[in-house]
1. Any idea which residue in the stretch B:26-46 is farthest from B:Asp419 (Cα to Cα), counting only those that are hydrophobic (A, V, I, L, M, F, W, C) and away from the ligand (no atom under 11 Å from the Cβ)?
2. Which residue is surrounded by the most Cβ atoms within 10 Å (Cβ to Cβ), if the candidates are limited to the stretch B:15-25 and must be away from chain A (no Cβ under 14 Å) and within 12 Å of the ligand (Cβ to nearest atom)?
3. Residues being farther than 11 Å from B:Leu50 by Cβ and surrounded by fewer than 21 Cβ atoms within 10 Å (Cβ to Cβ): count how many of those fall in the stretch A:6-18.
4. Quick check: anything in the stretch B:140-154 without any contact (Cβ under 8 Å) to a residue 12 or more places away in the chain, in contact with a helix residue (DSSP H, G or I) (Cβ under 7 Å, 6 or more places away or on another chain), away from the ligand (no atom under 14 Å from the Cβ) and not polar (S, T, N, Q)?
5. Can you tell me which residue within the stretch A:71-117, out of those that are β-branched (Val, Ile, Thr) and outside any loop (DSSP other than H, G, I, E, B), is nearest to B:Ala342 (Cα to Cα)?
6. Need pairs with beta-carbon distance below 9 Å; first residue under 16 Å from B:His274 (Cα atoms) and at the interface with chain A (Cβ under 8 Å from one of its Cβ atoms) and within the stretch B:323-337, second assigned to a loop (DSSP other than H, G, I, E, B) and among the hydroxyl-bearing types (Ser, Thr, Tyr); sequence gap 6+ or separate chains.
7. Conditions first: (1) away from chain B (no Cβ under 12 Å); (2) free of Cβ contacts under 8 Å to residues at least 40 places away in the same chain; (3) more than 10 Å from the chain's Cα centre (by Cα); (4) surrounded by 17 or more Cβ atoms within 10 Å (Cβ to Cβ). A:Leu47 passes all but one, so which condition is the exception?
Amino acid sequence: MAEPFILIPGRTSQQGVTLNEGKYTEGYRVEISTLQVAPEDMQRLELEDGDLVRVYNEVGEFTVPCVTARGDELPPGMLFISYGDNSSRLMGGDTQGCGMPDSKGLDVFLETATVSE
Amino acid sequence: MSTTEAATETAPGLRVVQDATCTFCGCVCDDMELTVEGDRITKAKNACVLGKAWFFNHHVEDRPEALIDGQPAGYEQAMDRAAEILLSARFPLTYGLSDTTTEAQRVALAITDWIGGIVDTTTSVCHGPSGIAFQGVGEVTCSLGEVKNRADYVIFWGGNPAESHPRHFTKYSLMPKGEFVPNGRKDRTAVLIDVRKTKSAKAADHFLQVKPRRDFELAWALRALARGVELDPSIEETTGISLETLEEIMDGMKKAKFGVILFGMGLTMTRGKHLNSEAVLALARDMNEHTRWSAKPMRGHGNVTGADNVVSWSTGYPFGVHLGSGFPRFNPGEFTASDVLARGEADAALIIASDPMSNFSQPARDHLEGIPSVVLDPKLSDTARTASVAFTTSTYGINTGGTVYRMDDVPIPLRPAFDSPYKSDLEILRGIESRIRQRQLAESLPDPAASGA
Ligand code: SF4
């Protein structure tokens, strides 16, 4: 069953490093295609590191593996992913007249996925 | 440009370039010591993990000078085609510009003016909302040199410098010993405000975990406390921070001699956007009734601040400027890249050192893919792959000299490490500009045959 979450796309140092190595490297692809989930949520949803999850909103969706976020970095109810192609798929075209689409703090749904992308 | 200034040959084929500048992030660290072997940088002393990745991965790649519709082409032919595309457009968009020199930015702007297009930069999707907020409430500002030498209370808000600007703490804001903070870190109080307890939290004395999308409320709560307004303890339910903690923070802020709020995209990219930035800028302004406070946005790309400066000094506005009416018009939402693409308005694009095909909204990407585009980038990207004309360029700061602006609006000269066989953005843009002007001037001259001369 799909659960509501708030998704925060953001920068990580690994993303910055692999970006320089090239956007078509395995390192970059893995970095922007891994969803961090709070430990409490991983447990509650009976997810294990590497399980595929589908994240979607009214704009788009992506299916990626999830990992447990480090320590208390993420509070329950919040997801994190490195900026990139996946996170952009959930960004709508509306900028509410300011030029910036909603890019952080996105309302999304998450459900376990059985098939890979 | 010559790369030999300030370079010393230490062994055959090995050179050391002193005081080079890293342009990967807005810190623009200008104390790099680069060891160059042929066309590779093999050591980058003083660079952080991101800076090292930047220097070690920008060697010369074996790619064609340009691609026209995916087919290899030379620069001359590609510049001809680029000029044709831009001249035949009715509503062209120039976009990107945050990872190139200020000199190249000026030419891109001139091209946009000649063809009557829109110029927008990556600012519109990073701190554009802060640019809007500056116009609303102003900016009490300072340089990073002042932060280093004076700041005894530093608030990082909606950013994670430990990962995005790794040397910010050590070079400017927390660790350095300064004239009025002689004991460095010991003389400073650091606060981190964020929705996530990021790696930066370890560096802070206080971590305030704000509820998602409640930065605006938190900033206004602090503004109220700054003014001596009594707040209800229910503020904790709204913001996630107890009234007691807020009062303690405000007490510290008032006692500071020189405070600074360094804010990131956690504010500008989240619902509220320019209103979030405005609230934080207004808080810094209000604090000046008690003591000295400033607020500065933490800027991401190496020369995004230069892009703001060039567009501002040329047109009077920082980004999202329409030049098609013969005078500049600024209207975020109307003339910003994400919008003109998502609404399907732009009919051609000139994209410099940016990759909107991988980081714009889906409707914007769908439209960009379907219009003719001219792309300049040292690396292959999704945007370059879908371009009608894609130029391979040299890398600014590594192969190309020029000027970039640090995030505090201080211009810094570049000291390149080795020459590249590829042209710089500046050379390519100049080539396109001269072709456009030749065509325009030829078309504006009276036809000798028609006049019977
Ligand atoms: S902090 Fe930024 S500018 Fe300085 S070395 Fe690291 S990436 Fe380069």
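1. In this case the residue turns out to be B:Leu34.
2. The qualifying residue surrounded by the most Cβ atoms within 10 Å (Cβ to Cβ) is B:Ala20.
3. Count: 1.
4. No, because not a single residue in the stretch B:140-154 is without any contact (Cβ under 8 Å) to a residue 12 or more places away in the chain, in contact with a helix residue (DSSP H, G or I) (Cβ under 7 Å, 6 or more places away or on another chain), away from the ligand (no atom under 14 Å from the Cβ) and not polar (S, T, N, Q).
5. Here the residue is A:Val108.
6. B:Pro332/A:Thr95; B:Gly333/A:Thr95; B:Thr336/A:Thr95
7. (2)
For every residue, the table says whether it meets (1) more than 11 Å from chain A (Cβ to nearest Cβ); (2) within 16 Å of the ligand (Cβ to nearest atom); (3) not polar (S, T, N, Q).
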site: B:Gly259; (1), (2), (3): yes, no, yes
site: B:Met269; (1), (2), (3): no, no, yes
site: B:Ser277; (1), (2), (3): no, no, no
site: B:Val280; (1), (2), (3): yes, no, yes
site: B:Ala284; (1), (2), (3): yes, no, yes
site: B:Arg292; (1), (2), (3): yes, no, yes
site: B:Gly302; (1), (2), (3): yes, yes, yes
site: B:Tyr317; (1), (2), (3): yes, no, yes
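Bear in mind that the values in this text are calculations on the coordinates, not laboratory data. These numbers come from a predicted model, not from an experiment. With ideal geometry, Cβ positions are generated from the backbone for all residues, glycine too; neighbour counts draw on all protein chains shown.
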